[in-house]
Amino acid sequence: MDRSIRHDAAAAPEHPAFPPLSQSVQPQPDPLDSIRFLDLFALDELQRIQDAFAAATGVASIITDIDGIPITRQSNFCHLCSGIIRKTEKGLHNCILSDASLGAPQRDGPRMQRCLSGGLLDGGASIMIGERHVANWLIGQVLDDESEADRILEYGDTIGANRDDMTEALKSVKRMTTSQFQDICSFLFLMARQLSQLALNNYLKSQEIQRREWAERILHERNEKLVESYRKLEEQDRQLHFLAYHDLLTGLPGRAMFRERLDMACRLVRRSGRKVAVLYMDIDNFKQINDSFGHGIGDEILIEAGRRLLARIREYDTIARYGGDEFLAVLQDVETPEEILSLATRLHSAFAEPFVTTRVQYHCDISVGIAVYPDDGATVDELLKNADTAMYKAKDKGRNDIQFFNASMREEVLRQSEIERSLWSAMDQQAFFLQYQPQFDVASGAIRGFEALIRWHSPELGLISPLGFIPVAEDTGLIVPIGRWVLLEACRQAQVWNRHAPAPLIMAVNLSAVQLRSAGFLETVLDVLRETGLAPQLLELEITESVLIHDYDMVVSTLQRLRDAGVRIALDDFGTGYSSLSYLKNLPIHMLKIDKAFIEDVCVNPTVCRITESIISLVQKLGIQTVAEGIEDENQFQCLKDIHCDFAQGFHLGRPMDADQVRMPIQPMHHG
């Protein structure tokens, strides 16, 4: 607007009813720096308010931002200002200066001044939001004194305006007294204050809306997070459920799921009169696979085994991995043993084809034990235990077999349990004793020594064969203390006899695989020798071929250290197990004991005789002596003598005896 003369705000009339803006609108804590005036009003609403004010007062009106940039369109602007003065360069410049002066922030009242033309009155009021100056409402282009007309025309001459145009335009300029214009300015100030309050209210509403939107957004985000967390918890729950009920390697049901399904299957058939079969399946010699090829290959075989078994069951039956190399099956709704055997045979056939892995092709066998509900057990635990018993019976029969549980197995299990219970107290009761079977030199008939044989007379069970209690002692770990006792007693007796014997006597003691692999076994042997005073070369430790199947390198290393200490090593039961002549040269042994299975046919079967003779000849060339076990008659003894066997023992030569039955000196054998 055109302004030239400034009136101080103090000259404007006071309006006590309208307190200053700073008192009516308190500064808000919200940040206002980024708020624009037009963010709080619709432009058409501002234009309507401005036009109504201009129409009511008759003065020119416009709303600008704090830099003087128009926000609204001009209302009631006269041609003198907008059409003539502002069209000149100097006039426009002076109007900008006048607007800048008029638009300075003011809180206590309106501002009024004369424009630079020297005659027209202008006024203005600040629009505030809190303490922030956001816009100006400017009015004016009013002539209050006709005497000012000449000055306006002179001003037009200085800025280069056409005087005739100026004279004509002056006729249409709004006329009013100074007092009237001051009242309009006061009204403007009131309107500006109301507009400021409205702006603040709009701002606060916008902040509330933003806060509400922010809160809704936060709630929405939190809700989404909660939903996502719940989804993850559900997924974790599914994973935990899978881990709890499935085997991770094969993906088959695990122990917990198997037990639940077996229990449910038994419940379902109680009223129908039909049956449920439990199959306990164990891969034969699986440890040998892991030891030979590594657990990676073993895992591949287990995965493929699970896949094959799963493909061979009925839709409503269950295959589970129970752990290690053990698989279980629930066969539901069966009736006859023939039906069960047919289904079991189908599962057994899963191992007919070799397993092809990433590195090897390997043929596996499987032993299967079967227990039937309700015949063989009323609970899950009973059925599993009895199926497991039947599976081990299948292994005892040579493996790769299927066995049903029966009453004799139950009796055997009960007896095994009784043996296990009695074993724990047998050491304290001194129920073990040793017998000694002599060994003789085949060529000279001279006594070589004795083999110590453990016996057990239980107060509850009577005399128990070693075949009946040694496996139980191995399973329970009791074989370690029992074995130490045997070693100690045998070495003590050998030392007693050697004090009176005309020639050194060797004491042979059998070793369990569990003993040999137990911690500190080597030290135990050496401690016993030191305690009894027996020379190491008079002790001969007998191992079976089965000891060599597992931990071959460790076993050979332990045997070599025993041999280095002077102890003799004998390989027992040769010809019944896994050993072959090709690796005898790698074993640190002194003696090879030929099993009685060979000896029984050595005189009646020329082929067996030639095989035995070849074995004896070959091992003797390796520096290994031979002992023939189980000599039952004179013909067998003479045949062994003819094929140059070194030593012999058996009932024909001497039965096992208690120590007090042995009379020193022992006389040589005399055979024709």
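In the distance distribution for segment 269-403, Cα-Cα pairs more than 20 Å apart total 43 percent.
With the largest listed first and rounded to whole Å, the semi-axes of the equivalent ellipsoid of segment 520-630 from the Cα gyration tensor are 28, 15, 12. 3J(HN,Hα) couplings calculated from phi for segment 616-625 with the Karplus curve 6.51 cos²θ - 1.76 cosθ + 1.60 (θ = phi - 60°) are, in sequence order, 4, 5, 5, 5, 5, 5, 7, x, 10, 8 Hz; Gly and Pro show x.
Counting Lys and Arg as +1 and Asp and Glu as -1 over every other residue whose Cβ lies under 15 Å from the Cβ of K585, the net charge comes to +2. Scanning the chain for chymotrypsin sites (Phe, Trp or Tyr not before Pro) lying in DSSP loops with no more than 13 further Cβ atoms inside 10 Å, the longest uninterrupted stretch between such sites is 1-315. If the segment from S206 to E412 were pulled out straight at 0.36 nm per residue, it would be longer than the present Cα-Cα gap by 65.3 nm. Derived scalar couplings between HN and Hα for segment 385-397 equal 5, 6, 5, 5, 4, 5, 5, 5, 5, 4, 5, 4, 7 Hz in order, rounded to whole Hz, by the Karplus curve 6.51 cos²θ - 1.76 cosθ + 1.60 (θ = phi - 60°), x for Gly and Pro. Rounded, prolate or oblate: pick one for segment 439-570, where a ≥ b ≥ c are the square roots of the eigenvalues of its C-alpha gyration tensor, a/c under 1.5 means rounded, and failing that, prolate if a/b is larger than b/c, else oblate. Here segment 439-570 falls in the oblate category. Secondary structure note: in the chain, about 70% of the DSSP beta bridges are antiparallel. Summarised as an ellipsoid, segment 141-194 has semi-axes of 28, 12, 9 Å, derived from the eigenvalues of the Cα gyration tensor scaled by 5 and square-rooted, with the largest first. When the Cα gyration tensor is reduced to axis lengths a ≥ b ≥ c, the ratio a/c is 1.5 or higher for segment 343-450, and with a/b not above b/c it is classed as oblate. Estimated from helical segments only, the mean residue ellipticity of the chain at 222 nm is -15000 deg cm²/dmol, where each DSSP H run of four or more residues counts as -39500 (n - 2.57).
Working note: Karplus 6.51/-1.76/1.60 with θ = phi - 60° gives segment 197-211 the couplings 5, 4, 5, 5, 4, 4, 5, 5, 4, 5, 5, 5, 4, 4, 5 Hz, where Gly and Pro are set to x.
Distances between placed amide hydrogens fall under 5 Å for A508 paired with F450, E451, A452, E540, all partners being 5 or more residues away or on another chain.
The residue list V278, A305, A344 was ranked by how far each Cα lies along the charge dipole of segment 206-352 toward its positive end, using unit charges on Cβ atoms, and V278 comes out on top.
Rg/Rh for the chain stands at 1.58; both radii use Cα atoms, and Rh follows the Kirkwood definition. A Förster distance of 25 Å, applied to the separation of the beta-carbon atoms of D642 and A597, puts the FRET efficiency at 0.80. Once you reduce segment 223-247 and segment 126-171 to the center of their Cα atoms, the two points are 78 Å from each other. The alpha carbons of segment 55-155 stretch over 44, 27, 23 Å along the principal axes, in descending order. The spacing between segment 200-222 and segment 429-471, judged by their C-alpha centroids, is 95 Å. Against the chain, whose longest principal axis is taken from its Cα atoms, helix 295-311 shows a tilt of about 90°. Radius of gyration over Kirkwood radius for segment 177-265, both on Cα atoms: the Rg/Rh ratio is 1.74. A 1.4 Å probe run over the protein chains yields, for the chain, 49 Å² of accessible area per residue, whole-number rounding.
Expressed as a whole percent, the accessible area of segment 146-253 that falls on carbon and sulfur atoms is 53 (1.4 Å probe). Normalising by the residue count of segment 286-352, find the relative contact order in percent from Cα pairs under 8 Å and 6+ residues apart. About 26 percent, as a whole number. Think of the chain as having a plus end and a minus end, set by charges on the Cβ of Lys, Arg, Asp and Glu; of T88, S196, H133, T88 sits farthest toward the positive end of this dipole. With the gyration tensor restricted to C-alpha atoms of segment 411-482, the semi-axes of the equivalent ellipsoid amount to 30, 12, 11 Å, longest first.
Near the amide H of I71, within less than 5 Å, lie the amide hydrogens of I63, T64, D65, all on another chain or at least 5 residues away, with H placed in the peptide plane.
Full extension of the chain segment joining E531 with E460 gains 22.2 nm, where the gain is 0.36 nm per residue of separation less the Cα-Cα distance.
Helix 148-159 and the longest principal axis of the Cα set of the chain meet at an angle near 60°. For the cross-link pairs K593/K641; K393/K593; K287/K385; K395/K585; K393/K585; K397/K641, the ones whose C-alpha atoms lie over 24 Å apart are K393/K593; K395/K585; K393/K585; K397/K641.
The Rg/Rh ratio of segment 510-573, with both radii computed over alpha carbons and Rh defined as the Kirkwood radius, is 0.94. Each Cα pair of segment 457-518 feeds into the Kirkwood radius, which the Stokes-Einstein equation turns, at 10 °C and 1.306 mPa s, into a diffusion coefficient of 119 µm²/s.
Rounded to 0.05, the FRET efficiency of the V496 and K585 pair, given R0 = 30 Å and the Cβ-Cβ distance, is 0.25.
Taking amide H as placed 1.01 Å from N in the peptide plane, T626 has its amide H under 5 Å from the amide H of L592, D646, F647, each at least 5 places away in sequence or on another chain. Taking 0.36 nm per residue of separation and subtracting the Cα-Cα distance, full extension of the segment from E326 to S342 would add 3.7 nm. For the Cα atoms of the chain, what angle does the longest principal axis make with the long axis of helix 407-429, in degrees from 0 to 90, nearest 10? Relative to the chain, helix 407-429 is tipped by roughly 80 degrees.
Each listed q (0.14, 0.24, 0.27 Å⁻¹) maps to a log10 I(q)/I(0) for segment 94-149 from the Debye sum over equal C-alpha point scatterers, namely -0.39, -0.90, -1.05. List the relative contact order of the chain as a percent without decimals, with contacts defined as Cα pairs under 8 Å and 6+ residues apart. In percent, rounded to a whole number, it is 8. Here the contact order of segment 415-519, divided by its residue count and restricted to Cα pairs under 8 Å and six or more residues apart, works out to 28 percent. Computed over segment 131-285, the alpha-carbon pair-distance distribution with 10 angstrom bins reads 8, 14, 12, 10, 8, 7, 7, 7, 6, 6, 7, 6, 2, each value a whole percent.
Looking at segment 95-185, which GluC sites (Glu not before Pro) are DSSP coil and have at most 15 other C-beta atoms within 10 Å of their C-beta? Numbers along the way, then the final one.
Numbers: sites: E131, E146, E148, E154, E168; in loops: E131, E146.
Those satisfying the criteria are E131, E146.
Compactness check for segment 492-545: Cα Rg over 2.2 N^0.38 Å is 1.22. Taking the Cα centre of the chain as reference, the dipole from Cβ charges on Lys and Arg (+1) and Asp and Glu (-1) amounts to some 380 debye.
The values are calculated or read from the model by the stated rules, or taken from the named source; none is laboratory data. Since the model is a prediction, treat every value here as computed from it, not as a measurement. Backbone-built Cβ (ideal geometry, glycine too); neighbour counts: all protein chains shown. For the accessible areas, the whole protein counts, side chains as well, though only heavy atoms, and no ligand, DNA or RNA atoms are used. Shrake-Rupley method; radii C 1.70, N 1.55, O 1.52, S 1.80 Å.
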